Amino acid sequence: QVQLVESGGGLVQAGGSLRLSCAASGRTFSIYAMGWFRQAPGKEREFVAAIRWSGGSTYYADSVKGRFTVSRDNAKNMVYLQMNSLKPEDTAVYYCAAAYGSNWKSSREYAYWGQGTQVTVSS
């Protein structure tokens, strides 16, 4: 199993930036990809971004493309989500998740989840 802990959420004004971090521990050696998801009040959880653990290929939701950047530091078992030009509609609880299968662009592949960190963007 792998344990995931997110940090870095907070309150920011529209147009501002935040950097989320996700620390992974446990069975990290066989992770295929790490993803970021978010869930706003009353809405379904949605995919935000993902990165291959090996090689670093990335994949983004259209809603965040060009504003968010996902990165990882394999040596530290860390994954990051740099969020720029934030909008009020980005307000949500953000979760990081780990996938062990190759279908990393599907949310169904993510088996392990962190507890989430709140991001609030004021207008």
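The values are calculated or read from the model by the stated rules, or taken from the named source; none is laboratory data. Predicted model, so just to flag it, every value in this text is computed and none were measured. Cβ sites come from the backbone with ideal geometry, for glycine too, and all protein chains shown count toward neighbours. To get the accessible areas, we keep the full protein, side chains included, count just its heavy atoms, and leave off ligands, DNA and RNA. Shrake-Rupley method; radii C 1.70, N 1.55, O 1.52, S 1.80 Å.
Working only within segment 107-116, note down all residues that are modelled with pLDDT of 95 or more and in contact with a Phe, Trp or Tyr (Cβ under 6 Å, 6 or more places away or on another chain).
Matches in segment 107-116: 113, 114, 116.
Every residue, every condition in (1) among the basic types (Lys, Arg); (2) modelled with pLDDT of 95 or more; (3) surrounded by fewer than 18 Cβ atoms within 10 Å (Cβ to Cβ), yes or no:
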| position | (1), (2), (3) |
| --- | --- |
| 41 | no, no, yes |
| 51 | no, yes, no |
| 54 | no, no, yes |
| 71 | no, yes, yes |
| 82 | no, yes, yes |
| 87 | yes, yes, yes |
| 105 | yes, no, yes |
| 118 | no, yes, yes |
| 123 | no, no, yes |
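Contact list please: Cβ distance under 8 Å, first residue in segment 103-123 and closer than 20 Å to residue 83 by Cα, second residue basic (Lys, Arg) and assigned to a strand (DSSP E or B), pairs at least six apart or on different chains.
Here the result reads 119/38, each pair linking segment 103-123 to a residue that is basic (Lys, Arg) and assigned to a strand (DSSP E or B).
Yes/no per residue for (1) under 16 Å from residue 105 (Cα atoms); (2) of a type outside the set (Lys, Arg); (3) in contact with a Gly (Cβ under 8 Å, 6 or more places away or on another chain):
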| position | (1), (2), (3) |
| --- | --- |
| 8 | no, yes, no |
| 15 | no, yes, no |
| 20 | no, yes, yes |
| 32 | yes, yes, yes |
| 53 | yes, yes, no |
| 58 | yes, yes, no |
| 73 | no, yes, no |
| 79 | no, yes, no |
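I'm trying to understand the selection: among the residues of segment 18-39, which are more than 25 Å from residue 75 (Cβ to Cβ) and open to solvent by 20 Å² or more (accessible area, probe 1.4 Å)?
39, the sole residue that qualifies.
Test residue 42 against the stated conditions and say whether it is farther than 22 Å from residue 9 by Cβ, without any contact (Cβ under 8 Å) to a residue 40 or more places away in the chain and not polar (S, T, N, Q).
Here the answer is no, as residue 42 does not meet what is asked.
In the set 94, 59, which member is assigned to a strand (DSSP E or B), under 13 Å from the mean Cα position of the chain (by Cα), among the aromatic types (Phe, Trp, Tyr) and surrounded by fewer than 18 Cβ atoms within 10 Å (Cβ to Cβ)?
Result: 59 is the single residue among 94, 59 that is assigned to a strand (DSSP E or B), under 13 Å from the mean Cα position of the chain (by Cα), among the aromatic types (Phe, Trp, Tyr) and surrounded by fewer than 18 Cβ atoms within 10 Å (Cβ to Cβ).
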